[in-house]
Amino acid sequence: MKADIGVTGLAVMGANLARNFARHGYTVALHNRSRARTDALVAEHGEDGTFIPTETLAELVESLATPRRVLLMVQAGRPVDDVIDQLVPLLEAGDIVIDAGNSHYEDTRRREAALAAKDLHFVGIGVSGGEEGALNGPAIMPGGPRESYEALGPLLEDISAKYEGDPCCAWIGTDGAGHFVKMVHNGIEYADMQVIGEAYDLLRSVGGVEPAEQAVIFEQWNRTELRSYLIEITADVLSQVDVATGQPMVDVIVDEAGQKGTGRWTAISGLDLGAPVAAIAESVFARSLSSQTAARSTAREVLGAGADDVSAPQELQDRDHEAFVEDVRLALYASKLVSYAQGLDMLSAAAAQYGWSLDLGTIASLWRNGCIIRADLLDTIMKAYGGRDTSRHPEPGTLAEGQPLNLLFAPEFSQALAAAVPAWRRVVAAAVSAGVPVPVFSSALAYYDGLRRDRLPAALTQGLRDYFGAHTYRRVDREGTFHTLWSGDRSEISA
Ligand code: 6PG
């Protein structure tokens, strides 16, 4: 008996994916650097299906039906290259190596090219949903050569989460496209969590709403257009009381946010691509600031404590409690929409840069279930991009017919934003007056305002650049490129 797929790297994510395949009737060959993990998996979860434990990568490869499908779930970076180096001599043309970790898409592009030269398929897949998702149905974002999807896609679709019957898995695009889309998913995940955090901070610091009460508010919000996994678990976390101290759990957790790097990568790629993912970048920086423990402690001494000593502005105090809570909800929703718009816009920029044919409707459809950012909103976003159509492959860097140039231009979202704007401005103004930092609420609002502003001060920037560096400018009234002789007679010349 040959196995349908091999999994190497049996820490919890790899083990859970292996079990998920087995539960779907696939025979799964198992390998881990130390044999103990393989044995433990078979001993504890052998009843999930048919496993073939193996000792070495050679044995793993030997146990597989062709074309061989070997899934790596090892730490991103050097360890992935090490396993690939060991695997490649053991494989034959047409075999498929799958990297299911959070690898950087540039690494995936490099590996795909190297393996293609050896007639092997290398497929980077983004997997979202944490440990639970890996076992019960993650969202899966596969890249790599289109042909590889024929042999691999059905297995991945089987184990993926489903949304109204649709698998949360579809081929995304060539080489690193899957990992790129997963990276942007994570960038949006950062922004989603940051806007939740900003809402929590405002409700507490300005509105005086304690965590237990906030849990009820987030539960209510989870019955509005904000309905999502992250809002749902926010209610859970806020209702938790620490057994040791009797304090709200959120008060005993150190307020320094960690990060493994995917949010940072999204911000860096946004800068590289000229895609203004400011809300995502701000959420990365907010985590960085939170972790500057020494600077924060000194700042409290030298600069004085922040929000605590500033009372909420009169306008806010005059608003009744429920109206304030609703304002915060609308500001959260509007800021969230902006971060999704920025992330999707960045996907278009990447598609143009890397020659990927990305369909934003299908990509949004994959995020409707299984992944961390799963939300009702994603179904609406999918519909705004013409729904899910896995056969729609727009020219790289272009949108399919009828898709909006920016998510915010889709009528349902432009209307939702227009309705939220008064509340959004009140909330940002209140936060600024009260000294409560809201980097994503305010940055998202600046993006919204910047995008639709008639004249931007970029004209002045161009004038300054031309003044000190003869960088030239274009004119509003005629074609061409111009330079003013600033240090001469100030006449204008064609440049
Ligand atoms: C997912 C998560 C997953 C992981 C992130 C968290 O989609 O399942 O995004 O990939 O939880 O690595 O990232 P940080 O540690 O950077 O917050």
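Observations
- Within the stretch 479-495, the residues that satisfy the criterion of being over 15 Å from Ala459 (Cα atoms) and part of a strand (DSSP E or B) are Glu492, Ile493, Ser494.
- Those helices (runs of 4 or more DSSP H) of the stretch 348-438 in which at least 1 residues are closer than 30 Å to Ala323 by Cα, within 16 Å of the ligand (Cβ to nearest atom) and open to solvent by less than 50 Å² (accessible area, probe 1.4 Å), considering only elements entirely within it, cover 376-384.
- Here Thr38 meets the list (1) over 24 Å from Gly144 (Cα atoms); (2) not in a helix (DSSP H, G or I) almost entirely, failing just condition (2).
- In the stretch 358-377, the residue that is farthest from Ser339 (Cα to Cα) out of those that are touching a strand residue (DSSP E or B) at 6+ places or on another chain (Cβ under 9 Å) and of a type in the set (S, T, N, Q) is Asn369.
- Taking the stretch 215-233 as the range and being of a type outside the set (Gly, Ala, Ser) and either surrounded by 20 or more Cβ atoms within 10 Å (Cβ to Cβ) or within 16 Å of the ligand (Cβ to nearest atom) (or both) as the test, the residues that pass are Ile217, Phe218, Trp221, Leu226, Tyr229, Leu230, Ile231, Glu232, Ile233.
- If you go through the stretch 247-274 and keep only what is surrounded by 12 or more Cβ atoms within 10 Å (Cβ to Cβ) and within 14 Å of the ligand (Cβ to nearest atom), you end up with Glu256, Ala257, Gln259, Gly261, Thr262, Gly263, Arg264, Trp265, Thr266, Ala267, Ile268.
- Residue in the stretch 9-21 that is buried (at least 22 other Cβ atoms within 10 Å of the Cβ) and either more than 19 Å from Ser128 (Cα to Cα) or of a type in the set (Val, Ile, Thr) (or both) present: no
- Evaluation of Asp236 against (1) open to solvent by 50 Å² or more (accessible area, probe 1.4 Å); (2) within 16 Å of the ligand (Cβ to nearest atom) (one fails), failing number: (2)
The values are calculated or read from the model by the stated rules, or taken from the named source; none is laboratory data. These figures come from a predicted structure and were not determined experimentally. All Cβ positions, glycine included, derive from the backbone under ideal geometry; neighbour counts span all protein chains shown. Remember, those area values only see protein heavy atoms, side chains included, never the ligands or the DNA or RNA. Shrake-Rupley method; radii C 1.70, N 1.55, O 1.52, S 1.80 Å.
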